[in-house]
Amino acid sequence: MRPHIICHMITSIDGRLHPSRFTRAAKGVSADILDGHYETIAERFGAEGWIVGRKTMAEIAKGRARSIADAPVLPRTPHLGNRGGRKLAIAIDPSGRVHYGRDSIGEDHAVAVLGEQVSDAYLAELRADGVSYLFAGPDGHDLPRAMEQLASVFGVKKILLEGGGTINGAFLRHRLIDEFSTLISPAVDGMAGSDSIVDYRGPEGERPGTGQALRLTACEVLEGGMVWLRHRVETAPV
Ligand SMILES: NC(=O)c1ccc[n+]([C@@H]2O[C@H](COP(=O)([O-])OP(=O)(O)OC[C@H]3O[C@@H](n4cnc5c(N)ncnc54)[C@H](OP(=O)(O)O)[C@@H]3O)[C@@H](O)[C@H]2O)c1
């Protein structure tokens, strides 16, 4: 068993990923209202935390790299810090590149999903910071296994997947997304090649959504002209 996974993202009308590149709010439309929708909607799901890719977490986490001398050899088994009833802030970080410096991201408890090849010194750093961790196989790419451990070890039943596009694409490819929650901002990026909210990095010709079909379950216009779409991911008919 794995948690129910909802991919919750904000995008421009052309499906792009970087809000800093979007056109500005129109006259009379509050940019603050538009920005506020993302967290307000995220709260409504009642999820037990959120997952992001390594690059997104590296933009958020505030720690610095440091070297821990004489780190003991540590088993490659899940490690639980002191969660203390908090939501989980989870990074998919195969090579152990994110430095936390504390056991939280905002008010949420930090959890690293790693490859077994990370160093003992890095694991010692996470333990010193109070960060929890688990492993996604030898190279850190066994996402189904990591999600099963989120359920079995951390007791997670519902979780948000919050980007970026690369990790969303990997989850789609592994059929790990149950639902999409997409906020379409009244804005455009417009640049060819600009990252999109689902951006699987795989061989040319591959179709990461193969065998899946999306069913629209809700559509709502929010204040300021933001459109909120919800889609359930189903098995595609043969
Ligand atoms: N519009 C939104 O709602 C929204 C939401 C979140 C983020 N963002 C933005 O998105 C940007 C980052 O997005 P991104 O797509 O470049 O990066 P990302 O998805 O945040 O992280 C990608 C990284 O995840 C790691 N990873 C782990 N397992 C993987 C797998 N199976 N396949 C591929 N990668 C895997 C890799 O780390 P290694 O390279 O270490 O191997 C990879 O480089 C940021 O600028 C952030 O601000 C926007």
| remark: Phi-derived 3J(HN,Hα) across segment 115-128 with the Karplus relation (6.51, -1.76, 1.60, θ = phi - 60°), rounded Hz, x for Gly and Pro, is x, 5, 7, 5, 6, 5, 4, 5, 4, 5, 5, 4, 4, 5
| said: Taking loop as defined by DSSP and a crowding limit of 11 other beta carbons within 10 Å, which trypsin sites (Lys or Arg not before Pro) in segment 4-93 fit? | reply: Arg24, Lys27, Lys62, Arg64, Arg66
| Mean projected area in nm² (Cα convex hull; one quarter of hull surface) for the chain | 14.1
| remark: Binned at 10 Å starting from 0, the alpha-carbon pair-distance distribution of segment 61-140 in whole percents comes out as 21, 57, 22, 0
| request: Pull out the extension gain between Glu107 and Ile33, defined as 0.36 nm times the separation in residues minus the alpha carbon to alpha carbon distance; nm, one decimal. | output: 24.4 nm
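Set the Förster distance to 41 Å, then compute FRET efficiency between Ala121 and Arg175 from the Cβ-Cβ distance, nearest 0.05. Intermediate results must be reported in sequence, preceding the final value.
Details: r = 35 Å, r/R0 = 0.86.
The computed FRET efficiency comes out at 0.70.
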| Order of Thr235, Thr182, Thr56 from fewest to most other C-beta atoms within 10 Å? | Thr235, Thr182, Thr56
| remark: The pairs in Lys55/Lys157; Lys55/Lys158; Lys27/Lys62; Lys62/Lys157 lying past 32 Å Cα-Cα in this model are Lys27/Lys62
| task | Calculate the length of the line joining the C-alpha centroid of segment 171-238 to that of segment 24-88, in whole Å. | result | 21
| remark: Amide H contacts under 5 Å for Asp108, restricted to residues at least 5 apart in sequence or on another chain and with H modeled in the peptide plane, are none
| task | Show the residues, 5+ positions off or on another chain, whose built amide H is closer than 5 Å to the amide H of Ile51. | result | Ile90, Leu160, Leu161, Glu162
| note | The set of residues whose placed amide H lies less than 5 Å from the amide H of Gln212, leaving out same-chain residues fewer than 5 positions away, is Ala236
| said: I need to check one value: relative contact order of the chain, counting alpha carbon pairs closer than 8 Å and at least 6 residues apart, in percent. | reply: 30
| task | Could you tell me which GluC sites (Glu not before Pro) in segment 53-150 are loop residues by DSSP with no more than 10 other beta carbons within 10 angstrom of their beta carbon? | result | Glu107
| query | Using Cα atoms only, what is the angle between the long axis of helix 31-44 and the major principal axis of the chain, expressed in degrees (0 to 90) to the nearest 10? | reply | 60
| field | Cα-only Debye scattering, segment 182-238: base-10 log of I(q)/I(0) at q = 0.17, 0.19, 0.22, 0.29 Å⁻¹ | value | -0.83, -0.95, -1.05, -1.12
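Computed from the coordinates by the stated procedures, all read-outs in this text should not be read as laboratory data. As the structure is a prediction and not an experimental result, all values here were calculated from the model. Here Cβ is always computed from backbone atoms with ideal geometry, including for glycine, and neighbour counts include all displayed protein chains.
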